[in-house]
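The values are calculated or read from the model by the stated rules, or taken from the named source; none is laboratory data. Quick caveat, the model's predicted, so the values are computed rather than measured. Counting neighbours? That spans all protein chains shown, and the Cβs are built from the backbone with ideal geometry, glycine included.
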Amino acid sequence: MFWTPALADPVAAAGDSGQAAKLLVLPFDMVDSSLQGEMNHGPLPADVARLRRTEKVIHRALDESSEFALISNTGVGKQIDAAQGSYRYLYACNGCEIDLGKSAGADLVMTGWVQKVSNLIININATLYDVSKAKPVGGASVDMRGNTDEAWRSAARYLIEHSLLSNYRSRQAAAKDGAG
């Protein structure tokens, strides 16, 4: 039997052929450890609304990248709801992100979260996982100062356009160099 790494690794095969890797982006989590969040027993509605708008910015930025073909999460919506009901955060769901990616037919799955320490200290984080290997293949974190729509929007664009894509590309190149 003849085995080729490109056929065994759908992410590498997509990259080598010029095809975009199929990416499922899971809903981002809000981790609010600020005094406001503690007193409110969770994130403020305004912050949750910012998080949802930020997810749209992230989707647009990823869609603009030729490396990814975004997959709608509607086909696995009930599974996502069940996972959100079972785990506090999707970014720490004991491998459920991989199962969701497999169910959606994705090559990659992305988890993300915003951590709010105060109105002045907030960060946005994302991790890309290779579904077939069940391992992270990219990740990034960007700090923002100020709890405004513009700060969240700018941080989201920077996260994707500069941090996450750069990290993903360098890890892909290192993996390719190590395999050859």
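The table below lists the values:
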| read-out | value |
| --- | --- |
| Verdict on residue 149 being closer than 21 Å to residue 117 by Cβ, touching a strand residue (DSSP E or B) at 6+ places or on another chain (Cβ under 6 Å) and either touching a residue at least 40 places away in the same chain (Cβ under 8 Å) or surrounded by fewer than 16 Cβ atoms within 10 Å (Cβ to Cβ) (or both) | no |
| Pick from the range 79-97, criterion touching a residue at least 40 places away in the same chain (Cβ under 8 Å) and in a helix (DSSP H, G or I), ranking: surrounded by the fewest Cβ atoms within 10 Å (Cβ to Cβ) | 84 |
| From the options 142, 137, 76, residue that is buried (at least 17 other Cβ atoms within 10 Å of the Cβ) and touching a Lys or Arg at 6+ places or on another chain (Cβ under 9 Å) | 137 |
| Considering residues of the range 62-74 that are part of a helix (DSSP H, G or I) and either of a type in the set (Val, Ile, Thr) or modelled with pLDDT under 95 (or both) only, the residue farthest from residue 153 (Cα to Cα) | 74 |
| Residue 103, sole failed condition from (1) of a type in the set (Ser, Thr, Tyr); (2) outside any helix (DSSP H, G or I); (3) farther than 16 Å from residue 32 by Cβ | (2) |
| Matching option when the condition is crowded, with 19+ Cβ neighbours inside 10 Å and touching a strand residue (DSSP E or B) at 6+ places or on another chain (Cβ under 7 Å), among 70, 100 | 100 |
| Considering residues of the range 41-61 that are in a helix (DSSP H, G or I) and among the small types (Gly, Ala, Ser) only, the residue farthest from residue 139 (Cα to Cα) | 46 |
| Subset of the range 110-134 (residues that are touching a Lys or Arg at 6+ places or on another chain (Cβ under 9 Å), part of a strand (DSSP E or B) and either farther than 18 Å from residue 173 by Cα or among the charged types (D, E, K, R) (or both)) | 114, 122, 123 |
| Count of residues meeting criterion [surrounded by fewer than 23 Cβ atoms within 10 Å (Cβ to Cβ) and either without any contact (Cβ under 8 Å) to a residue 24 or more places away in the chain or in contact with a helix residue (DSSP H, G or I) (Cβ under 9 Å, 6 or more places away or on another chain) (or both)] in the range 105-128 | 7 |
| Residues of the range 22-40 satisfying the condition of being surrounded by 14 or more Cβ atoms within 10 Å (Cβ to Cβ) and outside any loop (DSSP other than H, G, I, E, B) | 22, 23, 24, 25, 29, 30, 31, 32, 36, 37 |
